[in-house]
Amino acid sequence: MKNNLSNIKKAKYYLDKNECIGIPTETVYGLAANAYSDVATKKIFKLKKRPKKNPLIVHYSSLKMLKFDCKTNVFFYKLYKKFCPGPITFVLKLKKNSKISKNVTNYKKTLAIRFPNNSVTKKLIKNLKYPLAAPSANISSKISPVSKDDVKDEFGKKIKFILDGGRSKIGLESTIVSLINKPEILRLGGIEVKKIKKIIGFNIKYNNQKKRIASPGQEKVHYSPGIPIRLNVADANKDEAFLLIKKRKLSGKNFYYLSKNKNLKNAAKNLYKTLRMIKKRKFKSIAVEKIPNKGFGEVINDRLLRASKF
Ligand code: TXA
Ligand code: MG
């Protein structure tokens, strides 16, 4: 990544012109635009075919800029100190005089924000006069991208520029914590819930599935490779792609290791990349070995369950 500096300049050039570009983060790549601009943020929804009612996450590089837009509180500071920059998103109250475009929040009074931990993107945001609205850079309900090539796969020439920041280190989206009332987890993700509990000091709820209206993007169908997925499978059919998390003696070419030794963090990192590869190889369905429902395993299962409801 020798050309980082000129690429960051290029990225700034397009963003300043109210264009959408691909940006790297440690979780997944984002489709970014000036969060203060109605024109720019409207383009995000169009490119992604995203329903207008589904609000966007805004990415900051400094507390100073965040404080123009959001009200903070004691839980926010505790979690910020421990995990930021990093794969955690906070839902906070929007300030009345905030400049955030109404497209971002869908006219609501709350805002999801985060501090991404990718060195290229951090440098980029530091050079901007506005924060970046950026949902994952995939067409709505499809697999999130974890590299520049994945973003190209999704949007081709429809976007003018993708900033390269290497492969996403975490490989799945941030954990979302609402701090509007009592702290509550809205989406499982890159930081395990037990670590958040430890900082908050009391049991924090994960409001899963049906009751989940607060985070509208948590639709049942999401992250989908567009072919059926069968979960908790002991043995796959011959013509199915088989996702595994530990080494097995198998013949044939249809198996894909998320991890060879049940390392769930590595498995999470490999999940979207592997699903995308399987899709390209034109398998008709995917079987997945049972994945322990703890730590990152719980996050992988959450994503696979949604992906299986295609
Ligand atoms: O890791 C990530 O969070 C990535 C990277 C690019 O930062 N972004 C991401 O954005 O996953 P997206 O748009 O794909 O998912 C954001 C989720 C959606 O489910 C959306 O409904 C929810 O956050 N969300 C956004 N604003 C919200 C708000 N004010 N209240 C509750 N949920 C909100
Ligand atoms: Mg997404």
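Each reported figure results from applying straightforward, stated rules to the coordinates on display, with no laboratory input. The structure displayed is predicted, hence computed values, not measured ones. Positions of Cβ are generated from backbone atoms using ideal geometry, with glycine treated the same way; all protein chains shown enter the neighbour counts.
Alpha-carbon geometry of the range 10-158: the Rg and the Dmax are 14.2, 44 Å, given in that order. Over all directions, the projected convex hull of the C-alpha atoms in the range 67-144 averages 6.2 nm² in area.
Of the cross-linked pairs 81/126; 42/109; 53/195, those separated by over 23 Å at the C-alpha level are 53/195. Partner aspartates and glutamates whose Cα lies under 15 Å from the Cα of residue 17, excluding those fewer than 8 positions away in the same chain, are identified as 38. Can you give me the P(r) profile for the chain? Cα pairs, bins 20 angstrom wide beginning at 0, each as a whole percent. The percentages, shortest bin first, are 34, 58, 8, 0. Around the Cα centre of the range 229-307, unit charges on the Cβ atoms of Lys, Arg, Asp and Glu (plus for the first two, minus for the last two) sum to a dipole of about 360 debye. Explain nothing, just the number: relative contact order of the range 1-133, from Cα pairs under 8 Å at least 6 residues apart, as a whole percent. In percent, rounded to a whole number, it is 34.
Each principal axis of the Cα cloud of the range 229-307 was taken in turn, and the coordinate range along them, longest first, works out to 31, 26, 19 Å. Straight-distance candidates among the aspartates and glutamates for linking to residue 71, with alpha-carbon spacing under 19 Å and chain neighbours fewer than 8 residues away dropped: 184.
For the chain, DSSP calls about 50 percent of its internal beta bridges antiparallel.
Each residue of the range 78-85 is assigned a 3J(HN,Hα), and the resulting list reads 4, 6, 4, 4, 7, 10, 9, x Hz, derived from the Karplus form 6.51 cos²θ - 1.76 cosθ + 1.60 (θ = phi - 60°), x at Gly and Pro.
Cross-link pairs exceeding 21 Å between alpha carbons, from the set 64/169; 49/102; 43/309; 12/123; 82/246: 64/169; 43/309; 82/246.
Taking the chain as a Gaussian network, Cα atoms linked when under 10 Å apart, which of 230, 50, 248 shows the biggest mean-square fluctuation? In this elastic network of the chain, the residue with the biggest mean-square fluctuation among 230, 50, 248 is 248. Karplus-based coupling profile of the range 179-185, in residue order and whole Hz: 10, 6, 10, 5, x, 8, 7, with θ = phi - 60° in 6.51 cos²θ - 1.76 cosθ + 1.60 and x standing for Gly or Pro. The H on the amide N of residue 59, modeled in the peptide plane, is under 5 Å from the matching H of 114, 132, 133, 134, each at least 5 residues off or on a different chain. The charge dipole of the chain, taken about its Cα centre with unit charges on the Cβ atoms of Lys, Arg (+1), Asp and Glu (-1) only, comes to about 280 debye.
Once you sort the root eigenvalues of the Cα gyration tensor of the range 101-210 as a ≥ b ≥ c, which label holds: rounded (a/c under 1.5), prolate (a/b larger than b/c) or oblate (the other case)? It is prolate, given that a/c is not under 1.5 and a/b is the larger ratio. Out of 27, 44, 15, whose Cα points farthest toward the positive end of the dipole of the range 14-59 (charges: +1 Lys, Arg; -1 Asp, Glu; placed on Cβ)? Towards the positive end, the residue furthest out is 44. Seen from residue 33, the other residues with C-beta closer than 12 Å to its C-beta sum to a net charge of +3, counting Lys and Arg as +1 and Asp and Glu as -1. Remark: relative contact order (the range 229-307) = 42 percent; criterion is Cα-Cα distance under 8 angstrom and separation of 6 or more residues. In loop segments of the range 127-211 as defined by DSSP, the trypsin sites (Lys or Arg not before Pro) with at most 11 further C-beta atoms inside 10 Å of their C-beta are 129. Please give every one of the aspartates and glutamates within straight-line cross-link reach of residue 238, meaning a C-alpha to C-alpha distance under 16 Å, and leave out same-chain neighbours fewer than 8 residues apart. Here the aspartates and glutamates satisfying the reach criterion relative to residue 238 are 289. Here's how it looks for residue 256: its modeled amide H is under 5 Å from those of 242, 243, 244, which are all 5 or more places away or on a different chain.
Contact order, relative form, for the chain: 20 percent (alpha carbon pairs under 8 Å, 6 or more residues apart, mean separation divided by residue count).
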